[in-house]
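Here the structure comes first, spelled out in structure tokens, and everything after it is commentary.
The values are calculated or read from the model by the stated rules, or taken from the named source; none is laboratory data. Note that this is a predicted model, so its numbers are computed, not measured. No Cβ is skipped: glycine too gets one built from the backbone with ideal geometry, and neighbour counts run over all protein chains shown. Side chains included, ligands, DNA and RNA excluded: accessible areas come from the protein's heavy atoms. Shrake-Rupley method; radii C 1.70, N 1.55, O 1.52, S 1.80 Å.
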Amino acid sequence: WTAKPRQLYRVDFQPEQELRRHRLYLLHNVLEDFKQNWAYDGEALLYAPELLGGKKEHSLTTQRNVTREQVETVVVTLRWASHQKGTLDKRAVTFFCTQFKAGMLKQTQRKQVGTDYFDFDQAIHVPEYFCYLVPGLDCTVYVTQCGPVLSIDMQHKHVRTDTVWQNMKQSVRVDPRQRQEVISQMFEHKIVLLNYSDPTKPVTKRTVLVDRVRWDLSPKSTFPCKKSGKEISYKDYMRERYQIKNAALDENQPLLENVSKREHDREGKPKVSHFIPSLCSLT
């Protein structure tokens, strides 16, 4: 149905869902009974070949398990936005990209890192340099006079086998008075790969930009858990949420801080996240 007219819907979630995989999971739940094809861009747009259920607006309720004990009720609202013709234009290219991304995510052996896709099962280990090379695809959709063209190039991603914390500990020869400053300069504004993922969801390798090394924080520091409202340490959170064992959570390490440029908290401030160095690798 990529060459046919399409219906465009605006999708909203109440309460808001920060993670793309949660939004996609909820959409699959509420649209299962419609028995219609649809494509979701991962943010706020949904395409369908026909009006969903013959209606322009839907308000659908479903549930998502936050923890084993806690269930969250979510209202998914779909509002019809426009009718798109089957002609080739900028909106059509956006739709083609959405369809391609949905197809790539079905290839379970490929993991999304940023905007690209890599096959970690085919990684080439280079032990003498403490790293491995992961083959992947660099994909672009663009328009020509003959129609839309999908360009696919082979690429490799360099991922270190040692963790950020192991790299930090190698700096012990630095003057103790300058150690924190030197390590901060080494890792601030660097991109790291998270070595863990939600065990109950399809794996997506996430990368984050380190804005700051927080020496005043450690895995035993606490923060208010958004779901329970109670204080919980980073160490306990990682053990409960991701089944991370204590051996990987050395309490002497600092935390890595990321300030999101896209996501904001309920007060409208940029979302600040913290990560444990022993669970991250340099790319």
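Here the accessible area of the chain is 49 percent carbon and sulfur, with a 1.4 angstrom probe and all protein chains present.
Which of the three applies to segment 1-62, rounded, prolate or oblate, going by the alpha-carbon gyration tensor with a ≥ b ≥ c and a/c under 1.5 meaning rounded? Prolate shape, in that a/c is at least 1.5 and a/b is the bigger ratio. log10 I(q)/I(0), Debye, Cα-only segment 38-80, no solvent, q = 0.19, 0.27, 0.28, 0.32 Å⁻¹? With one equal scatterer per Cα and no solvent, log10 I(q)/I(0) is -0.70, -1.00, -1.03, -1.13.
In a DSSP loop and with at most 16 other Cβ atoms within 10 Å, the trypsin sites (Lys or Arg not before Pro) in segment 1-62 are K35, K55, K56. Where in segment 178-273 are there GluC sites (Glu not before Pro) that are in a DSSP coil and have at most 14 other Cβ atoms within 10 angstrom of their Cβ? Filter output for segment 178-273: E188, E251, E267.
Computed over the alpha-carbon pairs of segment 154-283, the distance histogram in 10 Å steps reads 11, 40, 37, 11, 1 percent, short to long. Accessible surface comparison of W80, W38, probe 1.4 Å, protein chains only, largest first: the order is W80, W38.
Determine the alpha carbon to alpha carbon distance for each of K245/K269; K56/K226; K226/K261; K157/K269; K85/K226 and list only those over 31 Å.
On the way: K245/K269 33 Å; K56/K226 34 Å; K226/K261 20 Å; K157/K269 33 Å; K85/K226 43 Å.
Long pairs (Cα-Cα over 31 Å): K245/K269; K56/K226; K157/K269; K85/K226.
Ligands, DNA and RNA excluded, the heavy atoms of Y237 present near 70 Å² of accessible surface to a 1.4 Å solvent probe. Given the options D175, D121, D41, which has the most mean-square fluctuation in a GNM of the chain, springs set between C-alpha atoms less than 10 angstrom apart? Top of the fluctuation ranking is D175.
For the chain, give the magnitude of the charge dipole about the Cα centre (Cβ charges: +1 Lys/Arg, -1 Asp/Glu; no others), in debye to the nearest 20.
400
Within the shell of other residues whose beta carbon sits under 14 angstrom from the beta carbon of S273, the net charge comes to +4, with Lys and Arg scored +1 and Asp and Glu -1. Note on the chain: GNM, Cα springs under 10 Å; of Q36, Q243, Q70, the largest mean-square fluctuation is that of Q70. Seen from I244, the other residues with C-beta closer than 11 Å to its C-beta sum to a net charge of +2, counting Lys and Arg as +1 and Asp and Glu as -1. Computed over protein heavy atoms with a 1.4 Å probe, the accessible surface of segment 189-283 works out to 59 Å² per residue.
Over the chain, what number does the Rg to Rh ratio reach, with both radii from the alpha-carbon atoms and Rh per Kirkwood?
On the way: Rg = 21.9 Å, Rh = 21.7 Å.
Rounded to two decimals, Rg/Rh equals 1.01.
Evaluate the relative contact order of the chain (contact order divided by residue number), counting alpha-carbon pairs under 8 angstrom at least 6 apart; express in whole percent. Could the numbers behind the result be given before it?
Numbers: 479 pairs, mean separation 38.5, N = 283.
Relative contact order, the chain: 14 percent.
Taking the C-alpha atoms only, the angle from helix 20-31 to the longest principal axis of the chain is near 30 degrees. Against the chain, whose longest principal axis is taken from its Cα atoms, helix 90-105 shows a tilt of about 60°. Per-residue SASA remark: L279, around 10 Å² accessible (1.4 Å probe; ligands, DNA and RNA not included).
Near D211, within a Cβ-to-Cβ distance under 9 Å, what is the net charge of the other residues, with Lys and Arg +1 and Asp and Glu -1?
Computed value for this residue: -1.
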